[in-house]
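Note sheet for the following structure.
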Amino acid sequence: MRIGPDGDPAPSRDLVGGKAANLARLAALNLPVPPAFVLPTTLCAALNAGEAQAEEQLRRGLEKGLAYLERAAGLTFGDRRRPLLVSVRSGAAVSMPGMLETVLNVGCTKAALRGLLRWRGNPRLAWDCRRRFLEGYAETVLSLDPQLLERNLAHWLTAETAAGEHDLDGEALERLCGAYEESLAAADRAAPEDAFTQLLASAKAVFGSWNSERAIAYRRLQGLEHLPGTAVTVQAMVFGNADAESGAGVAFSRNPSTGAPEPVVDVLFEAQGEDVVSGRRSPEPESALALRAPAVAAQIRAVLAQVEAAFGDVQDIEFTIESGRLYVLQTRSAKRTPRAALRIALDLQAEGVIDAAEALDRIDRLKTEDLVATRFSGQAKAVARGEPAAPGVASGRLALDSPAAVRGAAAGDPMVLLRRDASTADVEGFNAAVGVLTAIGGRTAHAALVARQMNKPCVVSCAPLQIDMTARTVRLGGVEVREGDWLSVDGETGEVFLGRRDILRQAPEAELEQAARLRPAGAHVHAEAAVP
């Protein structure tokens, strides 16, 4: 399936995945979508089952799709003059945020890098794309322990410069790429210098991520074990790392934590999309984007309104800004808390976006116990503050990794999971914990999305949080606490408290009364939606 101005009509989501089906609708709305093509979910099942013809089918699909992509983009994959680079992304029929793999900047061979240097005249962009490709390919395709590159990077930065890797100039990035290549060679895991070989291996790795531990765990926890596999979308790269007028971000058409009818936008300047959704960096809010690029900020709001109306639901979009030009990379129905789901359904009905029957259908899928709001009883002094990412409050014993959270919960203790940057690999820990706290990352990162979906209070980007995994201790506000000690987090305010606190609960009576008025006289009230 082709996605672009001359793309194909969207077939079944079960065949092409939700990402590709939604991209086709965005393109049909004349929104700025980079051209793409998609490999079907049936190929995922065939490849992972080891069927004899599957790899040849994959090869033919990539060759055919690349021919379309090169025509649509006016570039040549892996070219020495005007190279096309691509992203290789997953996309099941039902969104599984952050559970499957992505590889960016595929096709950035040494030859293509020289083409980028000549064509774009931007050494930092070219070498940053090469650096990002080596990182992603090493971790996702070559299965290299990401901590190896992180340790090498930390050692290299200490020796070379006081700057972080996102602040390096072209010359420093060139030397960093050399250091990465040496690390890969030492581990006998060199990245290939043939663009198509890179693409073939990346697509196989993304299909293979369907069977990763975190993906299997997520499907089990969310009741998605019936899904047959993921599709793979190959899309022309646009460069949020091009210059100071570039960036990447995530935007929600409404607040996914509270349901308030106000967009939520996070952005990182001079960055690519994985920087935002991975949770490894803390993004900036919409106000920063409005200050630097007011026209783009206004355009994002217009896009959000358009896609929400078209899809009839609150949307979560990923976008890239390249030299002041906006591109929309995907949209999906936003993961939201149950209380937000209740308010959004009522508001969309009141605004005429959906009818009463649809609003009631959405409300009746919610569980009563999940709609209860929580807050702490009494007053206490916070020792730290972060960014609220999912509402509600939680008190529990500290767990510094997912296995500790699972063990504690199995023993009957409430557990609060503390991480430097919560990864979606922590999905089992999220499920076991009563709350989540991270030192970095944003409210629009994939891990925060999963916390909201699981209705777990979550606070991110808590700068005072320092974790010592060797000693299994934590410093917060100058106080040291140990794993197993009690901690309380407030996902409404972002505040963090030492010790255990009492929790008050309150049902959303006004919203439920509003929902009841939508029902025809004498209609049965769904048992899950009724509050005793």
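The values are calculated or read from the model by the stated rules, or taken from the named source; none is laboratory data. Just so it is clear, the structure is predicted and the values come from calculations on it, not from any experiment. Glycine also receives a Cβ, built like all others from the backbone with ideal geometry; neighbour counts cover every protein chain displayed.
Tabulated values for the structure
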| read-out | value |
| --- | --- |
| Answer residue from region 25-42, given it is surrounded by fewer than 22 Cβ atoms within 10 Å (Cβ to Cβ) and of a type in the set (A, V, I, L, M, F, W, C) and is nearest to residue 106 (Cα to Cα) among those | 31 |
| Residue that is nearest to residue 302 (Cα to Cα), among those in region 19-62 that are free of Cβ contacts under 8 Å to residues at least 60 places away in the same chain, among the charged types (D, E, K, R) and part of a helix (DSSP H, G or I) | 60 |
| Residue within region 274-285 that is crowded, with 18+ Cβ neighbours inside 10 Å and at positive phi present | yes |
| Qualifying residues in region 87-119 (those that are free of Cβ contacts under 8 Å to residues at least 40 places away in the same chain and surrounded by fewer than 24 Cβ atoms within 10 Å (Cβ to Cβ)) - the one farthest from the chain's Cα centre (by Cα) | 118 |
| Qualifying residue in region 41-63 (condition: closer than 19 Å to residue 133 by Cβ and modelled with pLDDT of 95 or more) | yes |
| Within region 267-294, considering residues that are modelled with pLDDT of 90 or more and either part of a strand (DSSP E or B) or among the charged types (D, E, K, R) (or both), the one farthest from residue 459 (Cα to Cα) | 292 |
| Region 369-390 - residue that is assigned to a loop (DSSP other than H, G, I, E, B) and touching an Asp or Glu at 6+ places or on another chain (Cβ under 8 Å) and, of those, farthest from residue 428 (Cα to Cα) | 378 |
| Considering residues of region 420-435 that are more than 16 Å from residue 489 (Cβ to Cβ) and among the hydrophobic types (A, V, I, L, M, F, W, C) only, the residue modelled with the lowest pLDDT | 425 |
| Of all residues making up region 461-483, the number that are of a type in the set (A, V, I, L, M) and in contact with a Pro (Cβ under 8 Å, 6 or more places away or on another chain) | 1 |
| Among the candidates 348, 342, 304, 329, residue that is of a type in the set (A, V, I, L, M), more than 24 Å from the chain's Cα centre (by Cα) and crowded, with 20+ Cβ neighbours inside 10 Å | 348 |
